[in-house]
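Take a look at the structure below.
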């Protein structure tokens with residue numbers, strides 16, 4: 001029997017690599033002759049870098065500016081002339097000092113520094129995994145790191161963060177890194193939100209980053225002003241980017257990338273499948289096991305586990321789900337492509353204990369799953 005294990009991270013406990021390895025150990029313990037293919041996956045957000053490294057990309061580290069301006073050590077990955085940048089590595093919520101939100105002042109400057117480092121290595125295709133951003137700066141910080149200037153009425157650079165976008169009077173892009181013009185940029189995101197309005201970056205994602213109602217309104221106005229002045233400097237492409245699906249991803253970073261760097265958006269799940277050569281590795285499998293920390297209604301909207309299950313289902317390969325917990329009905333899980341579902345919370349109802357012992361619980365689940373396969 002040949003089994004492909006392709007899971008996303010179990011948030012708060014295990015990376016995708018750790019999860020697939022734990023499941024694999026459990027299955028091997030019960031079915032030692034089984035051929036197992038382990039493929040860590042992601043949806044373009046957090047975990048995309050790990051998936052790329054597991055697929056053979058080389059990891060590099062840089063000291064860059066974190067979301068509040070404090071230095072952080074962040075990673076990116078390259079293979080040949082392709083780079084994978086994970087926004088959360090340099091500009092993520094997890095990097096906020098003391099876990100204190102800074103919705104108005106957080107910046108994506110550090111992500112721009114990672115992009116610049118990748119360009120300096122000769123990369124000509126740069127994939128930016130959007131997700132987990134700490135702020136809502138429309139990608140302005142990222143662009144400043146690449147050489148753009150956003151000046152106030154006195155000709156001085158505006159402060160970092162989304163709120164300061166309201167003070168931009170002039171945009172200068174002639175100082176952009178020389179490698180930018182010859183590079184292609186890809187936004188890896190399954191988020192289809194536009195930049196502004198009730199479905200925009202500030203309204204939908206701002207509260208997750210600590211923004212209250214007043215902050216959300218302030219950020220939406222600031223993003224609208226930023227889009228206007230950038231459109232004046234760039235032209236129609238910026239105006240089109242405002243309404244483009246995905247321009248509201250990662251605090252509006254999608255907009256900044258599309259408007260200033262001509263980035264195009266691709267499905268995060270499909271991009272990770274490409275990076276990991278998933279379709280070829282899936283060929284000839286008797287079974288796919290996929291999952292993530294929690295399978296819920298958000299998972300049905302293009303998250304990694306469901307997207308991966310549907311790829312297998314299209315080939316007639318049966319799929320089993322393994323997750324920490326789920327609130328989906330059996331009918332919803334079946335419709336998503338899962339013939340059977342195992343949850344860690346069925347083994348350990350206590351959430352904290354479950355999180356602390358996720359690896360061992362996944363091994364146990366792997367053994368149970370393999371034993372059930374033997375009996376079927």
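Computed from the coordinates by the stated procedures, all read-outs in this text should not be read as laboratory data. Just so we're clear, the structure is a prediction, and the values are computed from it rather than from any experiment. All Cβ positions, glycine included, derive from the backbone under ideal geometry; neighbour counts span all protein chains shown.
Within region 34-51, find all residues whose amide N lies under 13 Å from a label point positioned 7 Å from the Cα of residue 121 along Cα-to-beta-carbon.
49-50
Output the 0 to 90 degree angle, nearest 10, between the alpha-carbon long axis of helix 249-261 and the longest principal axis computed from the alpha carbons of the chain.
The angle comes out near 60 degrees.
Using the beta-carbon distance between residue 243 and residue 156 and R0 = 35 Å, what value does 1/(1 + (r/R0)^6) give for FRET efficiency, to the nearest 0.05?
With R0 = 35 Å, the Cβ-Cβ based efficiency is 0.65.
Helix 16-30 versus the longest principal axis of the chain: what is the Cα-based angle in degrees, 0 to 90, to the nearest 10?
0
Relative contact order for region 48-268: what is it in percent, counting Cα pairs under 8 Å that are at least 6 residues apart?
20
Equivalent ellipsoid semi-axes for region 136-261, as square roots of 5 times the alpha carbon gyration tensor eigenvalues: give them largest first, rounded to whole Å.
Whole-Å semi-axes of the equivalent ellipsoid: 21, 18, 12.
Expressed as a rounded percentage, what relative contact order does region 91-156 have, with Cα pairs under 8 Å and six or more residues apart?
45
Quick one: length gained pulling residue 181 to residue 99 fully straight, 0.36 nm per residue minus the C-alpha distance?
Here the segment from residue 181 to residue 99 would lengthen by 25.8 nm.
If the label point is 7 Å along Cα→Cβ of residue 1, which residues in region 326-370 have backbone nitrogen under 11 Å from it?
From region 326-370, the list is 367-370.
Take the Cα radius of gyration of region 48-268 and divide it by 2.2 N^0.38 Å, with N its residue count; two decimals is plenty.
0.91
With the alpha-carbon atoms as the only input, what is the per residue convex hull volume for region 52-169 in Å³?
97
Given an 8 Å cut-off on Cα distances and at least 6 residues of separation, report the relative contact order of the chain as a percent.
20
If I model a spin label as a point 7 Å beyond the Cα along the Cα-Cβ vector, how far apart are those points for residue 29 and residue 173 in nm?
It works out to 5.6 nm between the two label points.
Beyond 38 Å, how much of the Cα-Cα pair distribution for the chain remains, as a whole percent?
When every Cα pair of the chain is considered, 21 percent fall beyond 38 Å.
Contour minus end-to-end for residue 340 and residue 214, with contour as 0.36 nm per residue of separation and end-to-end as the Cα-Cα distance?
Here the segment from residue 340 to residue 214 would lengthen by 40.8 nm.
Could you list 35, 84 so that the one with the fewest beta carbons within 10 Å of its beta carbon is first and the one with the most is last?
35, 84
Nearest 10 degrees is fine. How inclined is helix 304-313 to the longest principal axis of the chain, computing both from alpha carbons?
Approximately 50 degrees, to the nearest ten.
Once you have the Cα-Cα distance between residue 73 and residue 296, take 0.36 nm times their residue separation minus that, and quote the gain in nm to one decimal.
Taking 0.36 nm per residue and subtracting the Cα distance, the gain is 77.0 nm.
How big is Rg to Rh over region 251-376, alpha-carbon atoms, Rh as the Kirkwood inverse-mean-distance radius?
With Rg and the Kirkwood Rh in hand, the quotient comes to 1.04.
Would you calculate a helix-derived [θ] at 222 nm for the chain, using -39,500 (n - 2.57) for each DSSP H run of n ≥ 4 and dividing by the full residue count, to the nearest 500?
After summing the helix terms and dividing by the residues of the chain, the value is -11500 deg cm²/dmol.
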